[in-house]
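Data block below; observations after.
The values are calculated or read from the model by the stated rules, or taken from the named source; none is laboratory data. Please read all numbers here as calculations on a predicted model, not as lab measurements. Quick reminder, even Gly has a Cβ in these numbers, built from the backbone with ideal geometry, and neighbours come from all protein chains shown. Accessible surface is based on the protein model in full, side chains and every heavy atom, while ligands, DNA and RNA are left aside. Shrake-Rupley method; radii C 1.70, N 1.55, O 1.52, S 1.80 Å.
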Amino acid sequence: MSEGVRSYAAVDLGASSGRVMVGRVGPDTLELSEAHRFPNRPVRLAEGLRWDILALYGGAMEGLRAAGPVASVGIDSWAVDYGLLDAGGALLGNPVHYRDARTEGVAEKVWATVPARELYAATGIQYAPFNTLYQLVSARSTAQLAQADRLLMIPDLLSYWLTGEQGTELTNASTTQLIDPRTRTWSYEIAERLGVDLGLFAPLRRPGDPAGVLRPEVLEETGLTGPVPVTAVGSHDTASAVAAVPAAGERFAYICTGTWSLAGLELTAPVLTEESRAANFTNELGLDGTVRYLRNIMGLWLLQECQRAWGEPDLGLLLREAGGVPSLRSVVDAGDVTFLAPGRMPERIAEACRASGQPVPVTRAEVTRCILDSLALAHRRAVEDAGRLADHPVDVVYVVGGGTRNALLCQLTADACGLPVVAGATEAAALGNVLVQARTHGLVGDLPAMRRLLTRTQPLTRYAPRGDGARWREAAARIATP
């Protein structure tokens, strides 16, 4: 190993796949390689949609075996979902998937006790039917919750299995709708009013905090030589991804692209106004006292579901064909919850176009172009709204995550926003994960220093906006504003 360079394992779990990446980090080095990638296939049981958490843990273990010697391990995943443990530490069933129908109508019941505007003013979290708070209220009368002694968010659950130690990492906890973003600790008043037992949660950890060491049984199974520490990172994958935005200065917006598009700003304080709530922006916590002020957009989930319905055709061919379809012929609201559930996505997109009086996309290329134009339009609206609500000027948009491979989407986003787009850090969550680990060993400095290292070492592509915004403004008028 080069002098001053160490290797770190990032267990990065996405909504459709998991991966273990190995990052080599030094003062002028940031390299990422894939040790193991594995599918994340939820299972529909009689009682509802569930995560196959044991398969994910098995994939993580296989990845650690393939990773070789590492100085530390960090874990990040999607937000809001959790596992319940009994008093002996045993898992009480497979964690419920956030796309499960159990929270339908629950928000209205919560708002009857704590009105929506009060809830937002206290927690700053946007409305989404799957928020952890709504999941807990929906589970209130279940035998499983009654037996639970501990609740662990998904990354914290895997960390517990690796180390035997329990904690609740803050960036992920902030998505539960039970954290006060001003104090960066629990909102005890909200929990009490809604009958949520905060004693279920393990003590809070922050990115960079120690989270234990690999148990002897884990060392034996993975072939690693101990002690190997586990480090708390930005365990919400978006927190890690935003940490890996290769930005300079403050006048930027970011879009973390993948199954979801998370579009917004990095701020030093939350925006808790009623106008912000009405626009459905969320205030999630990030590294070093930052706030991720963003809007959730369905993202490439729309295209992934269409591909699944079409029998998994080649994505590159779809995008080339979509590039030949006239732009902005038909658009849909990519943030509409009607697109949340799996199944029949091409038909649902067609139905939305028909209902709004637009041409109905028929071919795969037309549907694909409708999705990409709609996502670019949603990105534009999010960036504009965030800048206005936070009084925060934006000069450039950074796109990170899986969508950086989609050149058409990046160009359309630049066109829609009327701003330059810089795309890079395809594996942004894993990069942010390993950088936090490396920071605990003194190999990299603060958040700006992490970003300077990213800019020096990662390939970036710049997209200049084309044309004017008149056609995008016209397209925006065809669909409802959130």
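Might you tell me the accessible area per residue for the chain, computed with a 1.4 Å probe and given in Å²? Numbers along the way, then the final one.
Values: 18180 Å² over 482 residues.
Each residue of the chain exposes 38 Å² on average to a 1.4 Å probe.
Can you tell me the Rg and the Dmax, both Å, for the Cα atoms in the range 232-276?
For the range 232-276, the Cα radius of gyration and maximum Cα-Cα distance read 11.9, 34 Å.
Would you work out the relative contact order for the range 327-482, in percent, from Cα pairs under 8 angstrom that are 6 or more residues apart?
On the way: 193 pairs, mean separation 39.1, N = 156.
Taking the mean separation of contacting Cα pairs over the length of the range 327-482, I get 25 percent.
What is the spread of the Cα atoms of the range 280-372 along each of their three principal axes, largest first, in whole Å?
47, 30, 26
Rounded to the nearest Å, what's the spacing between the alpha carbon centres of the range 190-263 and the range 347-413? Just the number, please.
28
Relative contact order of the range 188-311: what whole-number percent is it, with Cα pairs under 8 angstrom and at least 6 residues apart? Write down the numbers at each step before the final one.
On the way: 148 pairs, mean separation 23.2, N = 124.
Value for the range 188-311: 19 percent.
Could you calculate the FRET efficiency of residue 220 with residue 54 from 1/(1 + (r/R0)^6), where r is the beta carbon distance between them and R0 is 22 Å, rounded to 0.05?
0.75
Using all Cα-Cα distances in the range 399-440, what percent lands in each 10 angstrom bin from 0 up to the longest?
Bins of 10 Å from zero give 29, 40, 22, 9 percent of pairs.
When the accessible area of the range 396-478 is computed with all protein chains present and a 1.4 Å probe, what percentage of it is carbon and sulfur?
Numbers: 1640 of 3150 Å².
Answer for the range 396-478 is 52 percent, counting heavy atoms of protein chains only.
If you average 1/r over all unlike Cα pairs in the chain and invert the result, what Kirkwood radius do you get in angstrom?
Its Kirkwood hydrodynamic radius stands at 22.7 Å.
Please give the per residue volume of the convex hull enclosing the alpha carbon atoms of the range 277-433, rounded to a whole number of Å³.
Output value, Cα hull per residue: 132 Å³.
Between residue 28 and residue 46, how many nm apart are label points set 7 Å from Cα along the C-beta direction?
According to this spin-label approximation, the distance is 6.5 nm.
For the range 118-271, with all protein chains present and a 1.4 Å probe, just round the carbon and sulfur fraction of the accessible area to a whole percent.
That fraction is 50 percent.
Between residue 5 and residue 111, what is 0.36 nm times their sequence separation minus the Cα-Cα distance? Round to one decimal in nm.
33.0 nm
What is the mean projected area of the alpha carbon convex hull for the range 145-249, to one decimal in square nanometres?
Working: hull surface 35.4 nm².
The Cα convex hull of the range 145-249, projected and averaged over all directions, gives 8.8 nm².
Among DSSP beta bridges lying fully in the chain, give the percent that are antiparallel, nearest 5.
Percentage antiparallel, nearest 5: 75.
For residue 189 paired with residue 280, estimate the spin-label separation in nm (one decimal), with each label point 7 Å from Cα along the Cα-to-Cβ line.
If labels sit at residue 189 and residue 280, their model points lie 2.7 nm apart.
With 5 Å bins from zero, work out the P(r) of the range 391-479 over every alpha carbon pair and list the percent per bin.
3, 13, 18, 18, 17, 13, 8, 6, 3, 2, 0
Normalised by the number of residues in the chain, what is the relative contact order in percent for Cα pairs under 8 Å and 6+ residues apart? Intermediate results must be reported in sequence, preceding the final value.
On the way: 1058 pairs, mean separation 79.3, N = 482.
Once normalised by length, the contact order is 16 percent.
Compute, for the chain, the length of the dipole vector about the Cα centre, with Cβ point charges of +1 (Lys, Arg) and -1 (Asp, Glu) only. Units Debye, rounded to 20.
Once rounded to the nearest 20, the dipole reads 920 debye.
When only DSSP loop residues count, what GluC sites (Glu not before Pro) in the range 1-90 have their Cβ near at most 16 other Cβ atoms within 10 Å?
The qualifying sites are 3, 47.
Return the FRET efficiency for the residue pair residue 62, residue 468: r is the Cβ-Cβ distance, R0 is 51 Å, and the value is rounded to the nearest 0.05. Write down the numbers at each step before the final one.
Values: r = 51 Å, r/R0 = 1.00.
Calculated value: 0.50.
Translational D (Stokes-Einstein, µm²/s) of the range 21-145 at 4 °C and 1.567 mPa s when Rh comes from the Kirkwood sum over C-alpha pairs?
74
Between residue 312 and residue 121, what is the label-to-label distance in nm when each label sits 7 Å out along the Cα-to-Cβ direction?
Placing both labels 7 Å beyond Cα along the Cβ direction yields 5.1 nm.
Given 249, 194, 131, which one lies farthest toward the positive end of the charge dipole of the chain, if we put +1 on the Cβ of every Lys and Arg and -1 on the Cβ of every Asp and Glu?
Value: 249.
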